[in-house]
Structure formats: structure tokens, C-alpha cells
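First the structure, in the form of C-alpha cells, and then the observations on it.
The values are calculated or read from the model by the stated rules, or taken from the named source; none is laboratory data. Remember, it's a predicted structure, so these values are computed and weren't measured experimentally. Please note: Cβ atoms are built from the backbone with ideal geometry, for glycine as well, and neighbour counts cover all protein chains shown. The area values use the complete protein model at the heavy-atom level, side chains included, leaving out ligands, DNA and RNA. Shrake-Rupley method; radii C 1.70, N 1.55, O 1.52, S 1.80 Å.
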Amino acid sequence: MAERTIGILGGMGPLATADLFRRIVEKTPAKRDQDHPRIIIYNDPKIPDRTAFILGNGEDPRPALVEGARKLESWGADFIIMPCNTAHFFAETVQKAITIPLVSMIEATADAIEQLGLRRVGLLATDGTIKGLVYHRALLNRGIGIAVPGKNDQGKVMRAIYHGVKAGDIEAARKLLMDVAKRLERRVDGMIAGCTEVSVALRQDDLSVPLIDPLDVIAEKAVRLALGLEEL
């Protein structure tokens, strides 16, 4: 089977986009540069805030998402992945605008959770109601429950990301995330790193339940699809 070219619709945020690229490269079983698949990255940090629009106080991101997907297709991508959880709220709109597959990070993560045999998972995220919705849709079809942090704990996750990870203070972020995770893990048998920055600060050793990292899941799937080890 011919090798496929990966398209990354990124910029939401740039750190997650770069991290996804790195993980794809690291997961590729390559002995030389030429063994790696082609990756086309469309990194547009100007895409309007997805959560703000969903909550009714922001610009519509759909035109920018569709534009980016169409550019990736025209540049030769065989399939597209998005490292932003909340962008998957608009996945159907994006898919209708292109002819190549948009491979869902949410669905891939739900598949991984199902394969682990987990029955109820926690979602470490800000604006958990939005991310909870996109994950709930995927998990419900598999009979898997989901628990989200309360409003105060969502605020702690936000501080961990914006005043910790994005500010370069990983240890401060880790402490905040562990505080939230310890309360949440009492009610679940697995945890999703529902914001891509969470996995930068939190590690499996910090938890007593499995930590599922969507970026890691979609990177692994992208490699398999690109190398023809899995059908689109």
C-alpha cells in the first residue's frame, strides 16, 4: 500500500501542534530520514476561539477551519488530524467541506479507552462542559461514562495551563493538576488529558488510574495510517 501524507490542522494552540508533530516523528519506526511519512502542517493561531463562539461571545471559527482543511487537501494531504479537542465540535462541518477523511482524535481516544476496558473516565479540562460534550458523544456510544471537574477545579486547570505551562512553570502546573486529579480519580477508573497542555505537566506516575493522552493516541493512529498499517 502506498504511503499516505498526514495533514495537521493546527495553531489551536501552537504548542500542541508542535508537540503532535514531535510525537508522530518519535513514533515512526524509522531507521533513516526517508522512512518518515510526509507531514503537512497548517498552523493558524488566528483561528477564532472555539469555546468563546460556542458559548455565544466570540467570532465563528468555522470559515477559518474549513479554509485550513481545504488548503491541506490542495497541498496533497491524504487525511487530516486536529490537535485541538474543542475544534472537534465542528468536525462535521469541516468534513463536509473536503473530500479526504478528517480523522477524529476524539473517536480515536474513545476507541483506546474502550480497548483498555475502562467504564468511567474523568476529563481534566477547562470549560469541561464543552470538551465533556464532544467526549460524551463518543463515549456514550461505547457505554462508557464520563466525569468532569466542578467549576472551581476547572478554574484550577485553567490556571495550570495559562499561569503554569504557557508561562514555563511546569512544576506549578503539575501541583494544580494533581490537586484536581486526586479528587476526580476517586470517581473514575481512567483519566483523559482533556486539554493538550495537561500532558506536558502531568504524568502517568502522578495518578493511580490510567492517564489517556489524546495527542499520543492520535499520533500513533496517524503513523499507522500514513504507513499503510491501518485502513482509512
Next on the checklist: Distance between the C-alpha centers of the stretch 105-152 and the stretch 70-100? Whole Å please.
Outcome noted: 22 Å
Checklist entry - So what's the net charge close to GLY117: Lys and Arg +1, Asp and Glu -1, counting the other residues with Cβ under 13 Å from its Cβ? => result 0
Checklist outcome for this item: Low-density loop chymotrypsin sites (Phe, Trp or Tyr not before Pro), the stretch 45-120, at most 13 other Cβ within 10 Å, DSSP non-H/G/I/E/B, are TRP75
Next on the checklist: If I compute Cα Rg over 2.2 N^0.38 Å from the structure I just sent, which labelled value in (i) 1.04; (ii) 0.98; (iii) 1.31 lines up?
Outcome noted: (ii)
Next on the checklist: Between 0 and 90 degrees, rounded to the nearest ten: what's the tilt of helix 62-74 against the longest Cα principal axis of the chain?
Outcome noted: 40 degrees
Checklist entry - Roughly to the nearest percent, how much of the accessible area of the chain is carbon and sulfur, given a 1.4 Å probe? => result 50 percent
Checklist outcome for this item: Counting only residues 5 or more apart in sequence or on a different chain, those whose built amide H sits under 5 Å from that of ILE40 are ILE6, GLY7, ILE8
Item to check | Nearest 10 degrees, 0 to 90: helix 128-140 Cα axis against the chain principal axis | outcome: 70 degrees
Checklist outcome for this item: For LYS182 and ARG224, extending 7 Å from Cα along the Cα-Cβ vector and measuring point to point gives, in nm, a value of 3.6 nm
Checklist entry - Going by average Cβ neighbours within 10 Å, how do the peptides 94-100, 155-161 rank, with the highest at the top? => result 155-161, 94-100
Checklist entry - With each pseudo-label sitting 7 Å past Cα toward Cβ, what's the ALA2-LYS27 distance in nm, one decimal? => result 2.4 nm
Next on the checklist: Output the 0 to 90 degree angle, nearest 10, between the alpha-carbon long axis of helix 105-115 and the longest principal axis computed from the alpha carbons of the chain.
Outcome noted: 70 degrees
Item to check | Ranked packing of 5-17, 219-231, most packed first, by mean Cβ within 10 Å | outcome: 5-17, 219-231
Item to check | All lysines inside 16 Å of LYS46 as judged from Cα atoms, apart from same-chain residues fewer than 8 positions distant | outcome: LYS71
Item to check | Extension gain from ALA147 to GLN34, taking 0.36 nm per residue of separation minus the Cα-Cα distance | outcome: 36.3 nm
Next on the checklist: Could you work out how much longer the chain between ASN57 and GLU114 gets when fully extended? Use 0.36 nm per residue separation minus the Cα distance between them, nm to one decimal.
Outcome noted: 17.0 nm
Checklist entry - How much area per residue is accessible in the stretch 1-110 when the probe is 1.4 Å and only protein heavy atoms are counted (Å²)? => result 48 Å²
Item to check | SER208-ARG137 pseudo-label distance in nm [points 7 Å out on the Cα-to-Cβ vector] | outcome: 3.5 nm
